[in-house]
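The structure under discussion appears below in the form of structure tokens.
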Amino acid sequence: MARYTSIELCSGAGGQALGIEQAGFDHSALVELDPAACSTLRHNRPNWNVIEQDLKSFSAIPYRGVDPVAASVPCPPFSKAGKQLRKQDDRDLFPEALRIVRESQPKAVMLENVRGIFDSVFDNYRLRRPITSPGRRHTKRQLLSAAQKNMAAMIQGFPSDWEFVGKKTPAYRQVGNAFPPPVAKAVALQIEKALTAAHILIDRSKAREYRHVALDSPAIHR
């Protein structure tokens, strides 16, 4: 069976993208605005289609029918540290992510954010944009000030050969904002199982339909 394809939004330094790749998906596109993060992605995976572009101007229509859409949209609009300003925060890209879902019509969606999005203050927001919780989420490790960048990246789950491009502050920021690859891989594997099961059901349904048509064929009754 061919590998599944995905598009990823707000890719950052590639934590989620790496985990999804490890689960067996091919990335059709990765959209990221930060130049340093884009350099990190291109440096570690020259074959990835990294699109350095504002999500608000990105069109997913060319990727219609992709298997999953994955996104790690900014957390501050929903975190207590970010004052939970929701749509008043210019960094709220959830509406853009959902627009892209509508455009691409994927078979699955993986949206990552902080637990704060499930606070009661966002009840009306979630009603307009249905979101369900997958359960407990791993929190970011607050170790950047106490550990070297590479050690911090390994604690996040990055392989030892993953290199972060840029000066010290941008590189640390990439590590601190990263989605742990092992968590992304675990979620993506469940998506892969669901997609595979759906394909099996569709194939079985088509086979039954074919047999039914064949049995009803006039040639069978001659």
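Residues that are touching a Leu at 6+ places or on another chain (Cβ under 8 Å) and not in a loop (DSSP other than H, G, I, E, B) were ranked within the range 31-43; the one that is nearest to Glu8 (Cα to Cα) is Val31.
On the given criteria, is Lys149 in contact with a Pro (Cβ under 9 Å, 6 or more places away or on another chain), surrounded by 10 or more Cβ atoms within 10 Å (Cβ to Cβ) and modelled with pLDDT under 85? So Lys149 does not fit the description; no. Among residues of the range 153-182 that are touching a residue at least 40 places away in the same chain (Cβ under 8 Å), those with a beta-carbon under 7 Å from a residue that is assigned to a loop (DSSP other than H, G, I, E, B) and of a type in the set (Ser, Thr, Tyr) at least six positions away or on a different chain give the pairs Phe179/Ser72. Here Lys87 fulfils each of the conditions (1) modelled with pLDDT under 90; (2) assigned to a loop (DSSP other than H, G, I, E, B); (3) not aromatic (Phe, Trp, Tyr) apart from (2). Taken over the range 10-62, residues that are closer than 15 Å to Ala188 by Cα, out of contact with any Asp or Glu (no Cβ under 8 Å at 6 or more places or on another chain) and buried (at least 21 other Cβ atoms within 10 Å of the Cβ) amount to 5.
The values are calculated or read from the model by the stated rules, or taken from the named source; none is laboratory data. Model, not experiment: these values are computed from the prediction. Glycine gets a Cβ as well: all are built from the backbone with ideal geometry, and neighbour counts include every protein chain shown.
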